[in-house]
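Novice: Here's a structure for you.
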Amino acid sequence: YSGKVELSFRDVDLAFVRVLDLDQNISPPGLCEVVAEGETVYAIGSPNNLTGTITRGAISSIGRLLGRVKYIQHDAAINYGNSGGPLFNRQGELLGINSRGFTDYEGLGFALPLKTIAERFHAHKLVFSGGDEQSYCPICGHVTPGSVAYCENCGVNLELYVPPQKLAEVH
């Protein structure tokens, strides 16, 4: 499916994509915000274009601080192609989105927890609904109530910035 990037956050490598021309109902997975260290987890993705690849691991830390962001640290293999994919528990419930790993070390995978994803979505949900006027900065992801010329967070001139048309393919 084709999609349009509605919001993106470079600090956590996260984007919200609106699926265009969806011709079927898709049931989302169950969500689980209760995560425990030692729990078995599964990472799904397409490393090296090998679609449907699944790796298994265990959670090492539920609040590993990298920069200013807390991640779920696990040892399920994260390779190029399955970062951005889901991290599930044994019940098939979504725990987070795999966002990074370290190529120099084996067994160091990191997923953005659902709590962080939900906080970003709810703080910016007016962008999706088209409600009250807001100014969204495509550079840093900051949303300011009302119409402003400059981003309050990073200072980019929003009137001069013409974002490239971002389309994503969703499989």
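The values are calculated or read from the model by the stated rules, or taken from the named source; none is laboratory data. As the structure is a prediction and not an experimental result, all values here were calculated from the model. A quick note on method: Cβ atoms are made from the backbone with ideal geometry, for glycine too, and the neighbour counts reach across all protein chains shown. Calculation scope for accessible area: heavy atoms of the full protein, side chains included, ligands and nucleic acids excluded. Shrake-Rupley method; radii C 1.70, N 1.55, O 1.52, S 1.80 Å.
Novice: What's the angle, to the nearest 10 degrees (0 to 90), between helix 114-123's Cα axis and the longest principal axis of the chain?
Specialist: So the inclination is approximately 10 degrees.
Novice: How high is the relative contact order of the range 1-50? Use alpha-carbon pairs under 8 Å, at least six apart in sequence, and give a whole percent. Spell out each step's value before the answer.
Specialist: Working: 30 pairs, mean separation 13.1, N = 50.
Across the range 1-50, relative contact order equals 26 percent.
Novice: I've got another one for you. Between Ser46 and Ala149, what length in nm is gained on full extension when 0.36 nm per residue of separation is reduced by their alpha carbon distance? Kindly include the intermediate steps, with their values, before the conclusion.
Specialist: Details: separation 103, 0.36 × 103 = 37.08 nm, distance 4.04 nm.
Taking 0.36 nm per residue and subtracting the Cα distance, the gain is 33.0 nm.
Novice: Report the relative contact order of the chain, percent, no decimals, based on alpha-carbon pairs under 8 angstrom and at least 6 residues apart. Before the final figure, lay out each step's value.
Specialist: Working: 345 pairs, mean separation 35.6, N = 171.
This gives 21 percent for the chain.
Novice: If you place +1 on the Cβ of every Lys and Arg and -1 on the Cβ of every Asp and Glu, how big does the dipole about the Cα centre of the chain come out, in debye to the nearest 20? Each step should come with its number before you reach the end.
Specialist: On the way: 13 positive and 18 negative charges, 37 e Å.
It works out to roughly 180 debye.
Novice: Mind pulling the per residue volume of the convex hull built on the Cα atoms of the chain? Å³ is fine. Could the numbers behind the result be given before it?
Specialist: Details: hull volume 24.0 nm³, N = 171.
Dividing the Cα hull volume of the chain by its residue count gives 141 Å³.
Novice: Can I ask one more? Place +1 on the Cβ of every Lys and Arg and -1 on the Cβ of every Asp and Glu in the chain, take the dipole about the Cα centre, and give the residue among Ala149, Tyr42, Ser61 whose Cα lies farthest towards its positive end.
Specialist: The Cα lying farthest towards the positive end belongs to Ser61.
Novice: Using the Cα atoms of the range 34-89 to build a convex hull, what is its mean projected area in square nanometres? Don't jump to the answer; show the numbers that get you there.
Specialist: Numbers: hull surface 15.2 nm².
Approximately 3.8 nm², given one-decimal rounding.
Novice: Let me ask something else about it. Solvent-accessible area per residue for the chain at a 1.4 Å probe radius, Å²?
Specialist: I get 63 Å² per residue for this part.
Novice: In the range 6-99, how does Rg compare with the Kirkwood Rh, expressed as the Rg/Rh ratio over alpha carbon atoms?
Specialist: Details: Rg = 14.0 Å, Rh = 14.4 Å.
In the range 6-99, Rg relative to Rh is 0.97.
Novice: Leaving out ligands, DNA and RNA, and with a 1.4 Å probe, what % of the accessible surface on the range 1-154 is carbon or sulfur? Write out the running numbers ahead of the final one.
Specialist: On the way: 4520 of 9230 Å².
Solvent-exposed carbon and sulfur of the range 1-154 make up 49 percent of the total.
Novice: Identify unpaired cysteines across the chain, taking unpaired to mean no other cysteine Cβ lies under 4.7 Å from the residue's Cβ.
Specialist: Those would be Cys32, since no other cysteine Cβ in the chain comes under 4.7 Å of theirs.
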